[in-house]
Amino acid sequence: MKDLIEALGIFLKYGNPHNPTHCEHDVFMVAIPPSEVSDQDLKRLEALGFDKSIESGDACFISYRFGSA
């Protein structure tokens with residue numbers, strides 16, 4: 001839980017969208033564009049279990065760690 005809270009705190013630095021998250025089978029998505037995130041925060045988010053979404057272009061981050069059922 002601590003890692004998820006830390007990751008959400010990082011995302012908050014880059015915006016506060018009204019509906020920032022979306023879940024699909026085994027995937028948790030956060031609607032913050034990776035291009036807006038600093039290199040340091042990108043590395044930390046990766047360590048926390050979040051990756052840039054390849055399928056969604058630059059639209060969001062995904063996590064299989066926090067989206068897994």
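No value in this document is a laboratory result; all are computed from the given coordinates. All values reported here derive from a predicted model rather than from experimental measurement. Cβ: placed from backbone, ideal geometry, glycine included. Neighbour counts: every protein chain shown.
Labels on offer are (i) 10.5, 32; (ii) 11.4, 32; (iii) 10.8, 30, and the one holding Rg and Dmax of the Cα atoms in Å computed from this structure is (iii).
Counting neighbouring beta carbons within 10 Å and listing from fewest to most, the residues 1, 29 come out as 1, 29. Over the residues of the chain, the helix contribution to mean residue ellipticity at 222 nm works out to -8500 deg cm²/dmol, using -39500 (n - 2.57) for each DSSP H run of at least 4. Between residue 4 and residue 19, the simple label model (points 7 Å from Cα in the Cβ direction) yields a spacing of 2.0 nm. How charged is the neighbourhood of residue 27? Take every other residue with its Cβ under 11 Å from the Cβ of residue 27, and add Lys/Arg as +1 and Asp/Glu as -1. In short, -3.
Over all other residues within a Cβ to Cβ distance under 12 Å of residue 65, the charged ones net out to -4, with Lys and Arg as +1 and Asp and Glu as -1.
For the chain, what is the charge dipole size about the Cα centre, in debye to the nearest 20, if Lys and Arg each add +1 at the Cβ and Asp and Glu each add -1 at the Cβ? Could you put the intermediate results ahead of the total?
Values: 6 positive and 11 negative charges, 45 e Å.
So the dipole magnitude of the chain works out to roughly 220 debye.
Residues of the stretch 33-69 with an amide N closer than 12 Å to a point placed 7 Å from the Cα of residue 26 along the Cα-to-Cβ direction: 64-65, 67-69. Once both labels are positioned 7 Å from their Cα atoms along Cα-to-Cβ, the gap between residue 47 and residue 68 label points is 2.1 nm.
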